[in-house]
């Protein structure tokens, strides 16, 4: 078996299915079932059979308010009617799904999803580094800005007093 994935899903498709809820990046059970090409109820059945593998920081069920808010943010999406509130999976929960879903496609899609999560984390860390550097630069510029304003103020005062005082000219006067 080669290491190359046969079920390739564009990264953008996966990224568009990752939401920020309760300060965590999560994926809906229904979105995962679409990626794995299985019914949502099959995923939830496997999870319920293996609940010890899915603690609260791996998976949780949305509240009615969270679900309504998520649906309103994604009005163009059609998630269909549901009888129960959806479950969402964190990166670790998605990883754990590969141990309870035995299809080849689920395993390969999970690998791809984990790679996307990893890329997102790396981008976030890179952005944090850039933001810190920009903040330091901003502080430096602000310090210099204050110094420039002080110098400009002195120059203005100096030029005003210079033009106001009449000095006798030294040297030859051509009349």
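Kindly check whether there is at least one residue in the stretch 135-145 that is part of a helix (DSSP H, G or I), in contact (Cβ under 8 Å) with a residue 12 or more places away in the chain and either surrounded by fewer than 15 Cβ atoms within 10 Å (Cβ to Cβ) or out of contact with any strand residue (DSSP E or B) (no Cβ under 6 Å at 6 or more places or on another chain) (or both). Quick ask: steps written out before the conclusion?
Residues of the stretch 135-145 that are part of a helix (DSSP H, G or I), as a first pass: 135-145.
Then keep just the ones that are in contact (Cβ under 8 Å) with a residue 12 or more places away in the chain; that gives none.
No, because not a single residue in the stretch 135-145 is part of a helix (DSSP H, G or I), in contact (Cβ under 8 Å) with a residue 12 or more places away in the chain and either surrounded by fewer than 15 Cβ atoms within 10 Å (Cβ to Cβ) or out of contact with any strand residue (DSSP E or B) (no Cβ under 6 Å at 6 or more places or on another chain) (or both).
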**Message:** Cβ-Cβ under 6 Å, sequence separation 6+ or interchain: first residue in the stretch 117-130 and part of a helix (DSSP H, G or I), partner at pLDDT 75 or above and surrounded by 10 or more Cβ atoms within 10 Å (Cβ to Cβ). Which pairs?
**Reply:** 117/91
**Message:** Checking the conditions here, which among 71, 48 is in a helix (DSSP H, G or I), more than 15 Å from residue 25 (Cα to Cα) and modelled with pLDDT under 85?
**Reply:** 71
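The values are calculated or read from the model by the stated rules, or taken from the named source; none is laboratory data. This structure is a prediction, so every number in the text was calculated from the model and none was measured. So basically every Cβ, Gly included, is an ideal-geometry build from the backbone, and we count neighbours across all protein chains shown.
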